[in-house]
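What follows is one structure encoded as structure tokens, with my remarks underneath.
The values are calculated or read from the model by the stated rules, or taken from the named source; none is laboratory data. All of these numbers come straight from a predicted model, not from anything done at the bench. All Cβ positions, even for glycine, are placed from backbone atoms using ideal geometry, and neighbour counts span all protein chains on display.
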């Protein structure tokens, strides 16, 4: 399943839950001062759906206000800058992450659309399995939503065959300097009281306080 995520596959959905507790005072996702984004300062987040957690990247992020309203088409509702790793040299590759939409659907799911841009002048950015939950996952199954108000991390949904409801990639896919690519992933919906979450795009970084919009047929 490459490209757009279809809500029609949700009939055979397989969802698992784990229950660990977020310790008081801990932080989420990537840090603005160069820390790892996969864990928390004092504990771990409860996992709310099927998938796997990975390490996040270093970020400096901004998000459009948490009103829950949709942005104009093509306008990011949140952005962050982070880094990937060049496959040949191991050097850092600067990237920009743009969250294009985070929309509630009528089937109690949330659809995330985001873009990754290679902002390097000279280096390619590997994206083949970089955002997968495992090293052999050529998709974006490692992306997650972090809801600090509920102490939960939401992982990408999978169907009955354990395929993620998300964009697949090519094993050796790379973004050349200046290239941008869009991706999608579907998650279980947070409670109605949750109006914004952090979007963790492993391993590139975290976009903080992204507003949830909609409630229709995304």
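So which of 89, 106 ends up being surrounded by fewer than 17 Cβ atoms within 10 Å (Cβ to Cβ) and touching a residue at least 40 places away in the same chain (Cβ under 8 Å)?
Values: 89 fails: touching a residue at least 40 places away in the same chain (Cβ under 8 Å).
The match here is 106.
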Determine whether segment 147-154 contains at least one residue that is touching a strand residue (DSSP E or B) at 6+ places or on another chain (Cβ under 7 Å), buried (at least 24 other Cβ atoms within 10 Å of the Cβ) and under 22 Å from residue 96 (Cβ atoms).
-> no
Here the residues within segment 109-121 that are surrounded by fewer than 20 Cβ atoms within 10 Å (Cβ to Cβ) and over 15 Å from residue 181 (Cα atoms) are 121
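Just checking, how many residues over segment 203-218 are assigned to a loop (DSSP other than H, G, I, E, B) and at pLDDT 95 or above? Walk me through it before giving the result.
Taking segment 203-218 and keeping what is assigned to a loop (DSSP other than H, G, I, E, B), we get 203-204, 212, 218.
Retained after the next criterion (residues that are at pLDDT 95 or above): 204, 212.
Residues flagged as assigned to a loop (DSSP other than H, G, I, E, B) and at pLDDT 95 or above within segment 203-218 amount to 2.
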Residue check: is residue 176 at pLDDT 95 or above, over 14 Å from the mean Cα position of the chain (by Cα) and surrounded by fewer than 19 Cβ atoms within 10 Å (Cβ to Cβ)?
-> yes
Enumeration of residues in segment 191-202 that are surrounded by 22 or more Cβ atoms within 10 Å (Cβ to Cβ) and part of a loop (DSSP other than H, G, I, E, B) = 202
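Which residue, of 152, 145, 125, is within 14 Å of residue 173 (Cβ to Cβ) and either in contact (Cβ under 8 Å) with a residue 12 or more places away in the chain or within 14 Å of the chain's Cα centre (by Cα) (or both)? Write out each step before concluding.
Details: 152 fails: within 14 Å of residue 173 (Cβ to Cβ); 145 fails: within 14 Å of residue 173 (Cβ to Cβ).
None of the others qualify; the one that does is 125.
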